[in-house]
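Below you'll find the structure, written out as structure tokens, and then a few comments.
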Amino acid sequence: MSTVTEIKVPDIGDFKEVDVIEILVKPGDTVAKEASLITVESDKATMEIPSPAAGVVKELRVKLGDKVAEGSMILLLEASADEAPVPQPPGTAEISAPSAAAPKSAAPSTAPGAASEPATEPPAVPVPRPAPVPLEPVAEVPAFKPHASPSVRKFARELGADLAKVRGSGPKGRITQEDVQAFVKGVLTQAPATALAAAAPAGGVPFNLPEWPQVDFAKFGPVELKPLSRIKKLSGANLHRNWISIPHVTQFDEADITELEAFRKDSGAASEKQGFKLTMLAFLIKACVTALRQYPEFNASLDPAGENLVLKKYFHIGVAVDTPDGLVVPVIRDADRKGVYELARELADVSKLARDRKLKPGDMQGGTFSISSLGGIGGTAFTPIINAPEVAILGVSRSAMRPVWMSAKGEAGKFVPRLMLPLSLSYDHRVIDGAAAARFTSYLASVLSDIRRSLL
């Protein structure tokens, strides 16, 4: 007989919902009591959920990315009669009967001499079967459940190391932090070429690149090792994928925002009384929505097969926010339904949440088009990387007063000082042609030069 138990998330403290970032078992795995089942992460901590009993995993009820809370179902665990006596002493009396019944074939000879015969017979049939159970898992179980502490697991995750490939040097093959560091150091020599080759499209020509140069920088002078933040590690992999897999082209343009800036300053006092600042970015979001309505292919995504364009009827604008830990892109939802004041207030709120590390995963999902503004820092132009699965991103640099040649009907032309805003539109060339991109930036510039167009 065997019993199936529902394994649920235990008390995890004050956290209402946490993300499942790692699943450490799979159906069919044999787990011991207190063995880790899944790893969950909140904005403050990472923790592993242990198994309250030993048994065999029958069915998983969670997947990567799920949000769980106390009482959420993790999996179904079957405690088999053959394995229960060892980890679960209370049930030994009941379970020992079936296990004693199993060797009934040897019952006719109960003498010590006869008992030794079955022990010699198993090498041909029974023993080879039990023997791999304790021995093979030592080699195979680590492939999906390596022997390592939670802190070492977290360290490996942060470095992107697969513990199943790391050889442990600790007691009973336990993986230490030094083992992970040695493994990563050994892989680094091939990492850049391997990553590029893996990113090559199926059937495409593989990258044939020389090995990444290995340099001992300390030989040339003092150095300091500064670990990347978790945000930079996560975003770095996504940016690398997007840059490799999307054919980027960037269209540059300028918008005359002389009148718009004057209007923003005149309207700024009213917003400051309400506790927020009316920024140019709020007007940019409004202008982008107007341009996206006019050119819907920019508010779209390619389907997984790359054969259809998914045109979105909603306008969720991602806005890049610079934080001490790295760049994050919260999403302003339904920007088409909000006024400039409301957009400015929401921008202030999400920017504060981002810098305080209080953004939820859902706050950065569902975007249809992104804006990366460096106007508060400087620069004249740059090439922003598209945030897949979007097909375009707008980069904005610092505005500057420039002489612009202007002429009116019947009047001689002259240079006039105008406040010009540099625009850098990166787009997916599989979806958008250069002519369409030029039309988009030209139309966007006309909306910014006369914001009344956003009302049309």
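From the set of residues in region 346-392 that are among the aliphatic types (A, V, I, L, M) and farther than 30 Å from Glu41 by Cα, which is surrounded by the fewest Cβ atoms within 10 Å (Cβ to Cβ)? Restricting to residues being among the aliphatic types (A, V, I, L, M) and farther than 30 Å from Glu41 by Cα, the top hit is Ile377. Taking the numbered list (1) outside any loop (DSSP other than H, G, I, E, B); (2) out of contact with any helix residue (DSSP H, G or I) (no Cβ under 8 Å at 6 or more places or on another chain); (3) at pLDDT 95 or above in turn, Lys313 passes all entries but (1).
Take region 1-34 and flag every residue that is among the basic types (Lys, Arg) and either outside any loop (DSSP other than H, G, I, E, B) or surrounded by 15 or more Cβ atoms within 10 Å (Cβ to Cβ) (or both). Within region 1-34, Lys8 is the sole residue that qualifies. The criterion of being charged (D, E, K, R) and closer than 14 Å to Val431 by Cβ holds for Lys312. Scanning region 45-65 for residues that are under 18 Å from the mean Cα position of the chain (by Cα) and at pLDDT 90 or above yields Val62, Lys63.
Within region 214-254, the residues that satisfy the criterion of being in contact with a strand residue (DSSP E or B) (Cβ under 7 Å, 6 or more places away or on another chain), surrounded by 15 or more Cβ atoms within 10 Å (Cβ to Cβ) and charged (D, E, K, R) are Asp253, Glu254. Residues that are crowded, with 16+ Cβ neighbours inside 10 Å and either within 12 Å of Thr368 (Cα to Cα) or not assigned by TED's automatic domain parsing to the domain that holds Ile393 (or both) within region 313-328 comprise Phe315, His316, Ile317, Gly318, Val319, listed in sequence order. Given Val416, Val404, Val431, which one is touching an Asp or Glu at 6+ places or on another chain (Cβ under 8 Å) and assigned to a strand (DSSP E or B)? After ruling out the rest, the residue left standing is Val404. Is there a residue being in a helix (DSSP H, G or I), surrounded by 15 or more Cβ atoms within 10 Å (Cβ to Cβ) and out of contact with any Asp or Glu (no Cβ under 7 Å at 6 or more places or on another chain) anywhere in region 297-307? Among the residues of region 297-307, at least one is in a helix (DSSP H, G or I), surrounded by 15 or more Cβ atoms within 10 Å (Cβ to Cβ) and out of contact with any Asp or Glu (no Cβ under 7 Å at 6 or more places or on another chain), which makes the answer yes. When region 156-169 is filtered for residues that are at pLDDT below 80 and at negative phi, the ones remaining, listed by number, are Arg157, Glu158, Leu159.
Can you tell me which of Ser301, Ser271 is touching a Lys or Arg at 6+ places or on another chain (Cβ under 7 Å) and either in contact (Cβ under 8 Å) with a residue 12 or more places away in the chain or among the acidic types (Asp, Glu) (or both)? Among Ser301, Ser271, only Ser271 is touching a Lys or Arg at 6+ places or on another chain (Cβ under 7 Å) and either in contact (Cβ under 8 Å) with a residue 12 or more places away in the chain or among the acidic types (Asp, Glu) (or both).
What number of residues in region 207-231 are within 25 Å of Leu327 (Cα to Cα), at pLDDT below 85 and charged (D, E, K, R)? Adding up the residues that qualify gives 1.
Applying the condition of being at pLDDT 95 or above and assigned to a loop (DSSP other than H, G, I, E, B) to region 255-296 and asking which residue is surrounded by the fewest Cβ atoms within 10 Å (Cβ to Cβ) yields Tyr295.
The values are calculated or read from the model by the stated rules, or taken from the named source; none is laboratory data. Remember, predicted model here, so these are calculated numbers, not experimental data. Cβ coordinates were reconstructed from backbone atoms using ideal geometry, including for glycine residues, and neighbour counts include every protein chain displayed.
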